[in-house]
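Scroll down for the structure; my scribbles are underneath it.
The values are calculated or read from the model by the stated rules, or taken from the named source; none is laboratory data. Since this is a predicted model, take the numbers as computed values, not measurements. Note: ideal-geometry Cβ built from the backbone for every residue, glycine included; neighbour counts use all protein chains shown.
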Amino acid sequence: MHYLNAILNPAQCGFLNNALIALLRSGRLDWTQDNYVRDCCGLGDIPQVDEFYDTVERQVRPIIGPAAVRANSYSRIYFKGAYLKPHVDRPGLDWTLSVCSFAEVEWPISAQGLDYQVASVPIAPGDGVLMRGTRQVHWREELRCRPDQLVIQHFYHWSEPGAAAP
Ligand SMILES: [Fe+2]
């Protein structure tokens, strides 16, 4: 798990937060409430989020290597009680950069490294965590916060050549 500082600047985070809140208010985010993920809503390939694909890709390219290709993006707003059960991502989403654009509380993401060591770190707004989502089991414990607080995250994915399409 690579922790990357200042992937997006405060103005870029503000732009994304406004986009997500506008989508929330217009009822265009899909709610997830199942055994793996709950108390959050999100949407894939939001144009405002994809505007920053070039920006974030420049910063992860030295780690993901020259051959990894863009897959898709997905963004979520998380509310009190949200969690993410341990899982690996589906083939094709080989690399995931999780960028936080808004967090009123610290909410660690945990992942088992390829060396089987578990790391757990909160992502500060503007920062990101890069991992091999298809190989590293990852999860988040329950989000403990007030009912009026939230966390906004964006996931940028890249595929390894030869991997199945997402
Ligand atoms: Fe995942």
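For region 9-48, give me each residue that is charged (D, E, K, R) and either closer than 17 Å to F155 by Cβ or not in a helix (DSSP H, G or I) (or both). First the steps, then the outcome.
Initially, region 9-48 is screened for residues charged (D, E, K, R), giving 25, 28, 30, 34, 38-39, 45.
R28, D30, D34, R38, D39, D45 - these are the residues of region 9-48 that are charged (D, E, K, R) and either closer than 17 Å to F155 by Cβ or not in a helix (DSSP H, G or I) (or both).
Output the residues belonging to region 20-56 that are modelled with pLDDT of 95 or more, among the hydroxyl-bearing types (S, T, Y) and surrounded by 11 or more Cβ atoms within 10 Å (Cβ to Cβ).
Once the filter is applied, which keeps residues that are modelled with pLDDT of 95 or more, among the hydroxyl-bearing types (S, T, Y) and surrounded by 11 or more Cβ atoms within 10 Å (Cβ to Cβ), region 20-56 yields Y53, T55.
Mind checking which residues of region 70-84 are more than 10 Å from the ligand (Cβ to nearest atom) and either outside any strand (DSSP E or B) or not aliphatic (A, V, I, L, M) (or both)?
If we filter region 70-84 for residues that are more than 10 Å from the ligand (Cβ to nearest atom), which is where we start, we get 70-73, 75-83.
Within region 70-84, R70, N72, S73, S75, R76, Y78, F79, K80, G81, Y83 meet the criteria.
Confirm whether Q59 is away from the ligand (no atom under 16 Å from the Cβ) and either modelled with pLDDT of 95 or more or touching a strand residue (DSSP E or B) at 6+ places or on another chain (Cβ under 9 Å) (or both). I'd like the intermediate steps shown before the answer.
Details: away from the ligand (no atom under 16 Å from the Cβ): yes; either modelled with pLDDT of 95 or more or touching a strand residue (DSSP E or B) at 6+ places or on another chain (Cβ under 9 Å) (or both): yes.
Considered against the rule, which asks whether it is away from the ligand (no atom under 16 Å from the Cβ) and either modelled with pLDDT of 95 or more or touching a strand residue (DSSP E or B) at 6+ places or on another chain (Cβ under 9 Å) (or both), Q59 comes out as yes.
Counting just the residues of region 90-122 that are at pLDDT 95 or above and acidic (D, E), which one comes out surrounded by the most Cβ atoms within 10 Å (Cβ to Cβ)?
Filtering region 90-122 for residues that are at pLDDT 95 or above and acidic (D, E), the one surrounded by the most Cβ atoms within 10 Å (Cβ to Cβ) comes out as D94.
Which ranges mark the strands (runs of 3 or more DSSP E) fully within region 111-166 that have 2 or more residues being away from the ligand (no atom under 14 Å from the Cβ)? Full working, then the answer.
Details: elements: 118-122, 128-131, 138-140, 150-159.
Those strands (runs of 3 or more DSSP E) span 118-122, 150-159.
Report every pair of residues separated by at least 6 positions or lying on different chains whose Cβ atoms are under 6 Å apart, first residue within region 51-75 and in contact (Cβ under 8 Å) with a residue 12 or more places away in the chain, second surrounded by 13 or more Cβ atoms within 10 Å (Cβ to Cβ) and among the acidic types (D, E).
Qualifying pairs under 6 Å: A68/E160; S73/D50.
Say whether the condition of being away from the ligand (no atom under 16 Å from the Cβ) and either free of Cβ contacts under 8 Å to residues at least 40 places away in the same chain or within 24 Å of G162 (Cβ to Cβ) (or both) is met by at least one residue in region 87-106.
yes
Looking for something among the acidic types (D, E), exposed (fewer than 14 other Cβ atoms within 10 Å of the Cβ) and more than 14 Å from the chain's Cα centre (by Cα) - is there at least one such residue anywhere in region 154-161? Steps first, answer last, please.
Taking region 154-161 first, the residues among the acidic types (D, E) are 160.
From what is left, the residues that are exposed (fewer than 14 other Cβ atoms within 10 Å of the Cβ) are none.
No.
Hey, any hits in region 25-40 for a residue that's closer than 24 Å to L84 by Cα, without any contact (Cβ under 8 Å) to a residue 24 or more places away in the chain and of a type in the set (G, A, S)?
For region 25-40, residues closer than 24 Å to L84 by Cα, without any contact (Cβ under 8 Å) to a residue 24 or more places away in the chain and of a type in the set (G, A, S): present.
Taking Y78 as meeting all but one of (1) in contact with a Leu (Cβ under 7 Å, 6 or more places away or on another chain); (2) of a type outside the set (S, T, N, Q); (3) over 23 Å from W31 (Cβ atoms), write down the number of the exception.
The failed condition is (3).
If a residue must be out of contact with any Pro (no Cβ under 9 Å at 6 or more places or on another chain) and more than 29 Å from L114 (Cβ to Cβ), how many such residues does region 18-58 contain?
Count: 21.
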